[in-house]
1. Out of Asp27, Asp20, I need the residue that is of a type outside the set (A, V, I, L, M) and at pLDDT below 90. Which one?
2. Can you tell me which residues in the range 334-344 are more than 11 Å from the ligand (Cβ to nearest atom) and either in contact with a Lys or Arg (Cβ under 7 Å, 6 or more places away or on another chain) or more than 18 Å from Asp370 (Cα to Cα) (or both)?
3. Considering every residue within the range 219-232, establish whether at least one is without any contact (Cβ under 8 Å) to a residue 24 or more places away in the chain, among the charged types (D, E, K, R), farther than 30 Å from Leu110 by Cα and assigned to a loop (DSSP other than H, G, I, E, B).
4. Between residues in the range 359-379 that are under 10 Å from Asn344 (Cα atoms) and residues that are among the hydrophobic types (A, V, I, L, M, F, W, C) and assigned to a loop (DSSP other than H, G, I, E, B), which pairs lie under 7 Å by C-beta distance while being six or more apart or on different chains?
5. Going by the conditions given, is Asp287 under 20 Å from the mean Cα position of the chain (by Cα), closer than 24 Å to His181 by Cβ and either near the ligand (Cβ under 10 Å from one of its atoms) or in the same structural domain as Gly217 (by TED's automatic domain parsing) (or both)?
6. Within the range 291-302, how many residues turn out to be more than 8 Å from the ligand (Cβ to nearest atom) and surrounded by fewer than 16 Cβ atoms within 10 Å (Cβ to Cβ)?
7. Can you tell me which residues in the range 200-223 are buried (at least 24 other Cβ atoms within 10 Å of the Cβ) and either under 19 Å from Thr56 (Cβ atoms) or among the β-branched types (Val, Ile, Thr) (or both)?
8. From (1) more than 13 Å from the ligand (Cβ to nearest atom); (2) touching a Gly at 6+ places or on another chain (Cβ under 9 Å), pick out the condition that doesn't hold for Glu210.
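The values are calculated or read from the model by the stated rules, or taken from the named source; none is laboratory data. Predicted model only: the values in this text are computed from it and were never measured. Because the Cβ atoms are built from the backbone with ideal geometry, glycine has one as well, and the counts that use them run over all protein chains shown.
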Amino acid sequence: MPAHLAGRAERALVLGEQVDLQWSGGDAVLVDRASDAAFRLDGVAAAIVDGLSVPTTLGALCERVRREFDVGEDECATSVATFVEGLREQGRADVLEAPAGVTKVRRRYLDLLARALVNLIYPEHELRVDHLEREGARPTAIAQRRLMRDIRYAHAEQFTELIEAKRDGLPWRGRPSPDAHTMIGLRRLENLERCAVRVFADEVPGDFLEAGVCRGGASVFLRALQVAYDEEARVTWVADSFAGLPEPSHPVDVAAGLDFSEPRQPWLAASLPAVRETFATYDLLSDGVRFLPGWFAESLPDAAVERLALLRIDADLHSSTSEALTALYDRVSPGGYVVVDDYNSVEACRVAVDGFLAARGIRAEIRPIDRNAVFWRKT
Ligand SMILES: C[S@@+](CC[C@H](N)C(=O)[O-])C[C@H]1O[C@@H](n2cnc3c(N)ncnc32)[C@H](O)[C@@H]1O
């Protein structure tokens, strides 16, 4: 590692606010919105930039590169440090102040939490359930017990698909994971940290709120970010019917045939006790977590939420998305972020967002997170 970078080894490094990493057909592209430039990245550069999406250290970046590529320790340390220094000189990476060691431990906590929330810890269990649902259980058959034991190797192809679906937050075999506490995948969780880090660094006032929480995992992550970054005075608001989606009533939803209500999609409904339990499981249930049960049209307009630094909407329907935006958008502080799931994958949701922004004359720079979700910063 070059001597002038050695002191930075434990400081938090993060991608600049104006830089996005976008994936197109397996290719990684670094987009610098400030200079309107885009660069295709090779494998190592993509791994480094991907690692920098959330605050990290040079040491952690090197570990990641060495996990993916066959490169010696010293050579890796020098190349990573030089590449990151280049990004810093171009204004494409920032150093955040953090006491030595904190970044490292926080990185490990949040990465482990994210993997637990999407169920990358015991993923083969989902293969087992899928197999038993298809083939039926034969509890006494030794062959079946062996298959249950070795299923990730016996069904290696499905296992790979499952892991990729979890990274990208996509359904696997036509439904969200029955085990995961969130269906939004690793990339969208990382994006939440990216947004949170900026509002903390810029002291943007306000709480975090998720409208549409299902089993609660993304909201758990929002609260974990507040706790991990010593921002516990902010509240995490958790808004849901806790009974699934309403039946479609808005003409755009009806025309698109979007019926995600509980009788059709049982996996999209989770009760309030179940969501509270999820928070408790991760030791994150406290007064800093407040629940807003009920249909958005009734629960959100008069909710005791004053200011928001981060608003996450994940409600699938035109009606629900526009109800959440109408009730909450004005409470988002300047400099705060709005994240909308489904914008890139559900036409009705995109129409709701675009219609809301156009009706209010708001020019938002909408940025993709992945194939589903987008975000923008309120100016
Ligand atoms: C796709 S799920 C949310 C996924 C969740 N964010 C996660 O991390 O896995 C959609 C949620 O929105 C809720 N929802 C949709 N429309 C609603 C409305 N109008 N009022 C209250 N809740 C609603 C549903 O109950 C459901 O829990």
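1. Working: Asp20 fails: at pLDDT below 90.
Just one listed residue meets the conditions, Asp27.
2. Scanning the range 334-344 gives Pro334, Gly335, Gly336, Tyr337, Val338, Tyr343, Asn344.
3. Looking through the range 219-232, none of the residues is without any contact (Cβ under 8 Å) to a residue 24 or more places away in the chain, among the charged types (D, E, K, R), farther than 30 Å from Leu110 by Cα and assigned to a loop (DSSP other than H, G, I, E, B).
4. Within 7 Å, the pairs are Val374/Ile366.
5. Numbers: under 20 Å from the mean Cα position of the chain (by Cα): no; closer than 24 Å to His181 by Cβ: yes; either near the ligand (Cβ under 10 Å from one of its atoms) or in the same structural domain as Gly217 (by TED's automatic domain parsing) (or both): yes.
So Asp287 fails the test.
6. Here is the first cut: in the range 291-302, the residues more than 8 Å from the ligand (Cβ to nearest atom) are 291-293, 298, 300-302.
Next, only the ones that are surrounded by fewer than 16 Cβ atoms within 10 Å (Cβ to Cβ) stay: 293, 298, 301-302.
Number of matching residues: 4.
7. Of everything in the range 200-223, those that are buried (at least 24 other Cβ atoms within 10 Å of the Cβ) and either under 19 Å from Thr56 (Cβ atoms) or among the β-branched types (Val, Ile, Thr) (or both) turn out to be Val213, Val220, Phe221.
8. In the conditions (1) more than 13 Å from the ligand (Cβ to nearest atom); (2) touching a Gly at 6+ places or on another chain (Cβ under 9 Å), Glu210 misses (1) alone.
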